[in-house]
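The values are calculated or read from the model by the stated rules, or taken from the named source; none is laboratory data. This is a predicted model, so every value here is computed, not measured. For neighbour counting, all protein chains shown are included, and Cβ atoms are generated from backbone atoms with ideal geometry for every residue, glycine included. These accessible areas exclude ligands, DNA and RNA; they are computed on the full protein's heavy atoms, side chains included. Shrake-Rupley method; radii C 1.70, N 1.55, O 1.52, S 1.80 Å.
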Amino acid sequence: MKRTEIKELLGMEPSKELKIVKGWVRNKRGSKNVAFITLNDGSCFSSLQVVAAVEQAGQDLLARIHTGAALCVEGVLNPSRGAGQNVELEAKKITIYGEASPEEYPLQPKKHSLEFLREIAHLRFRTNTFGAVTRLRHAMIFAIHQYFHQNGFYNIHTPIITASDAEGAGKMFRVTTLDPASPPKDSNGKVDYREDFFGRETHLTVSGQLEAELAALALSKVYTFGPTFRAENSNTKRHLAEFWMIEPEVAFNDLDDNMDLAEDFLKFLMKYALDNCMEDLEFLEKRQTDAEKNLPAAQREEMSLIQKIRSVLDSQFQRINYTDAIHILKNSKPNKKKKFQFPINEWGADLQAEHERFLVEKHFKKPVIITDYPKAIKAFYMKQNPDDTVRAMDILFPGIGEIVGGSQREEEYHKLVKRMEEMAIDPKEMWWYLDTRKFGTVPHAGFGLGFERLMLFVSGMGNIRDVIPFPRTPQNAEF
């Protein structure tokens with residue numbers, strides 16, 4: 001007989017037809033005559049109550065069933081006598097696939113800290129919290145591909161191993177097959193990468209943007225969705241060494257088109273989450289509310305998780321330029337009272353998370369798009385304005401700060417070469433990128449959405465390590 005998933009069973013009417021369900025035990029309780037087993041198979045947030053008569057199942061078998069055990073249960077659906085679900089499964093036959101010793105199994109039915117669960121990341125999928133986060137993550141992945149597909153974009157796989165640094169950050173992971181103990185040296189005593197696997201120094205990519213631009217200048221609308229890597233020695237709640245980026249690139253788009261696309265895209269994702277993930281969102285919202293009960297009022301979220309998601313969907317994003325943003329911040333109460341950790345004193349300052357969140361959460365009280373940043377604090381490829389600014393844009397979300405960064409790209413060959421030289425980027429190394437500005441160049445634009453930043457927002461989780469299955473951070477590459 002074919003297995004029926006719990007998600008499907010919970011929507012069925014009571015029936016005497018035999019059903020087979022398979023899953024893992026979340027809890028077991030009972031008396032000398034009957035056992036009540038809470039079974040979950042990951043197909044949905046809710047679990048199924050299995051009622052097993054001791055006389056039929058056998059005392060010895062039931063004694064071997066503990067939290068964490070894997071079971072196959074054959075039975076019939078009856079109206080539930082308990083609250084919370086319409087049906088329960090009356091067990092006719094139980095098979096134990098795998099036992100879980102209560103003395104050894106670390107996920108007993110009690111509250112566990114997120115820090116503890118990170119230490120057993122191989123098992124944390126089995127908790128309500130990480131089951132909900134994982135299903136929500138899948139839904140967002142699906143929604144991202146759906147949005148771009150139905151809007152005529154082509155998905156491009158860009159290289160993970162690269163010889164270029166798209167951001168000019170310099171903090172990249174090196175990829176090499178050379179012997180670290182005795183690498184070959186050149187005449188100057190430096191490592192001779194000509195003898196390495198690729199014949200040159202290579203790294204893990206920080207962005208697929210530059211390669212995506214190549215494709216956009218032939219296919220018009222493309223996007224990447226892949227892993228990216230930053231070798232920053234940062235242990236904050238917002239940083240990972242390995243994370244996922246969504247990067248659309250569109251030929252013939254300018255900055256205004258870019259902002260329109262990003263806003264429409266983000267609102268589509270918010271609507272998809274609300275339409276398809278409500279059960280998991282409701283659990284995550286309650287979890288967040290419970291976690292904030294003992295916090296001072298000033299540290300609690302002003303809106304619930306679902307209200308926050310709806311507020312993005314229902315808002316028209318505020319669009320301001322960097323100069324206006326600096327004026328607002330410079331004259332704000334936190335800045336005048338020296339409450340900012342990084343005071344805003346003059347034009348040209350690089351905005352920090354505290355500044356971004358003030359603009360979103362206190363001043364405008366909705367998502368904000370900041371444009372036209374000083375070129376000195378932005379990447380080489382951004383379209384230059386007549387003054388000392390570039391046609392960049394950052395989208396700021398409540399609770400997160402920057403969630404999207406993008407720009408109109410510089411399509412003029414000589415301006416791009418000059419900017420690269422100013423930033424000590426060798427044009428000869430980027431000949432392939434510059435060729436697109438020599439042969440049929442066009443205005444074009446794109447942006448990057450950090451997927452884990454998105455997941456922080458839609459899940460309400462407070463630490464980015466809890467929205468990716470296996471976080472990679474300094475001194476941590478386990479599992």
Rounded to whole Hz, the Karplus (6.51, -1.76, 1.60) HN-Hα couplings of the range 265-271, x for glycine and proline = 4, 5, 5, 4, 5, 4, 5
If you stretched the chain out fully between Glu346 and Phe198, how much longer would it get, using 0.36 nm times the residue separation minus the C-alpha to C-alpha distance?
-> 48.7 nm
Built amide H within the under 5 Å cut-off of Lys383, gap 5+ = Arg391, Gln408, Arg409, Glu410
Karplus-derived 3J(HN,Hα) from phi for the range 440-445 (6.51 cos²θ - 1.76 cosθ + 1.60, θ = phi - 60°), whole Hz, x at Gly and Pro, runs x, 5, 9, x, 7, 8
With θ set to phi - 60°, apply the Karplus curve 6.51 cos²θ - 1.76 cosθ + 1.60 along the range 48-63 and write out the HN-Hα couplings as whole Hz, x wherever there is a Gly or Pro.
-> 10, 8, 9, 9, 10, 6, 4, 4, 7, 6, x, 4, 5, 5, 5, 5
Fraction of beta bridges assigned by DSSP in the chain that are antiparallel (%, nearest 5) = 90 percent
How do Arg472, Arg124, Arg29 rank by accessible surface area computed with a 1.4 Å probe, from largest to smallest?
-> Arg29, Arg472, Arg124
Report P(r) for the range 371-443: all Cα-Cα distances, bin width 10 Å, range 0 to the bin holding the largest distance, values in whole percent.
-> 19, 46, 27, 8, 0
Accessible area of Arg310 in the full protein assembly, 1.4 Å probe (Å², nearest 10) | 110 Å²
Counting sequence-distant residues (5 or more places) and residues on other chains, those with an amide H built under 5 Å from that of Val87 are Ser80
Working from Cα positions, state the angle (0 to 90°, nearest 10) between the long axis of helix 209-219 and the longest principal axis of the chain.
-> 80 degrees
Across all directions of projection, what mean area in square nanometres is found for the Cα convex hull of the range 23-178?
-> 16.0 nm²
Using a basic spin-label model with each label point 7 Å from the Cα along Cα→Cβ, how many nm lie between Arg174 and Ile20?
-> 5.5 nm
What is the Cα centroid distance between the range 146-197 and the range 32-80, reported in whole angstrom?
-> 52 Å
With Cα coordinates, the longest principal axis of the chain makes an angle with the long axis of helix 128-150, in degrees rounded to 10, of 50 degrees
For Lys378, Lys237, what's the largest-to-smallest order of accessible area, 1.4 Å probe?
-> Lys237, Lys378
Structure-based [θ]222 nm, the chain - -39500 (n - 2.57) summed over DSSP H runs of at least 4, per residue, nearest 500 = -9000 deg cm²/dmol
Lys271: which lysines have alpha carbons under 17 Å from its alpha carbon, excluding same-chain residues fewer than 8 sequence positions away?
-> Lys308, Lys366
Which GluC sites (Glu not before Pro) does the range 395-432 hold that lie in a coil by DSSP with at most 16 other beta carbons within 10 Å?
-> Glu412
Going down the list Lys237/Lys365; Lys32/Lys110; Lys28/Lys267; Lys7/Lys92; Lys22/Lys111; Lys221/Lys415, which pairs span over 32 Å between their C-alpha atoms?
-> Lys28/Lys267
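Work through the residues other than Arg3 whose Cβ is under 11 Å from its Cβ and net out their charges, Lys, Arg +1 and Asp, Glu -1.
Residues near Arg3 contribute -1 overall.
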Would you mind checking which residues have amide H under 5 Å from Trp244's amide H? H placed 1.01 Å from N; only 5 or more apart, or other chain.
-> Thr228, Phe451, Glu452
Lys and Arg at +1, Asp and Glu at -1: add these up for the other residues within a Cβ distance under 15 Å of Leu274 and post the number.
-> -1
Please list, or write none, the aspartates and glutamates whose alpha carbon is within less than 13 Å of the alpha carbon of Lys362, excluding same-chain residues fewer than 8 places away.
-> Glu301, Glu302, Glu354
Please give the FRET efficiency for Arg238 paired with Cys72, using the beta carbon to beta carbon distance and R0 = 56 Å, rounded to the nearest 0.05.
-> 0.85
